[in-house]
């Protein structure tokens, strides 16, 4: 089974590309979805997050308010680092477990693993190939504004918390331009599929 690490910047359309690979028959794993799982109430990460950031990051039902937590950590780089040290190892363990399961059942020829901070945390060598989803910075800001209604300051903080797209592209095996139509994106996904599978 071929494995692809899929990354890009915030708002570049990683999930859209993951769906395009899934439509061709790929298994798909999302680090963001797994992060939700590892932060469930009463989990080890949940307890560590409360210990590190206080109960004010909780909603009344006891779940972690991700927006509140994000607002706190993205304005303090040390706190962001602290959160990543809690969450990332647990998410990577789940990724490794899921890939092992897919390999054993032999159903899939390719598995795509969506990891926003793939290069930042240095896990690119875990995969056979790495794919970066890229769009121009002006479009990235526009999409984030439309999707989240964030202030310009918040958008800048979120973008600056990740490596630049140019730095990621320089390390990628494949770059997908997701600035045009869905059809254009799917065509690029098809081309990568035929090259690697």
TODO: List every residue pair whose Cβ atoms sit under 9 Å apart, with the two residues 6 or more apart in sequence or on different chains, where the first one lies in region 76-97 and is on the phi > 0 side of the Ramachandran plot and the second, anywhere, is surrounded by fewer than 16 Cβ atoms within 10 Å (Cβ to Cβ).
DONE: none
Open item on the list: Suppose the filter is under 28 Å from residue 167 (Cβ atoms), over 16 Å from the mean Cα position of the chain (by Cα) and exposed (fewer than 13 other Cβ atoms within 10 Å of the Cβ); does residue 77 pass it?
Closed with: yes
TODO: Would you point out the residue of region 103-120, among those that are more than 13 Å from residue 21 (Cβ to Cβ) and buried (at least 18 other Cβ atoms within 10 Å of the Cβ), that is farthest from the chain's Cα centre (by Cα)?
DONE: 119
Open item on the list: For region 181-196, which positions are within 14 Å of residue 22 (Cβ to Cβ) and either free of Cβ contacts under 8 Å to residues at least 12 places away in the same chain or touching a strand residue (DSSP E or B) at 6+ places or on another chain (Cβ under 9 Å) (or both)?
Closed with: 185, 189, 192, 193
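Since every read-out is calculated from the coordinates, none of them should be taken as a lab result. None of these values were measured; they are calculated from a predicted model. Counting neighbours? That spans all protein chains shown, and the Cβs are built from the backbone with ideal geometry, glycine included.
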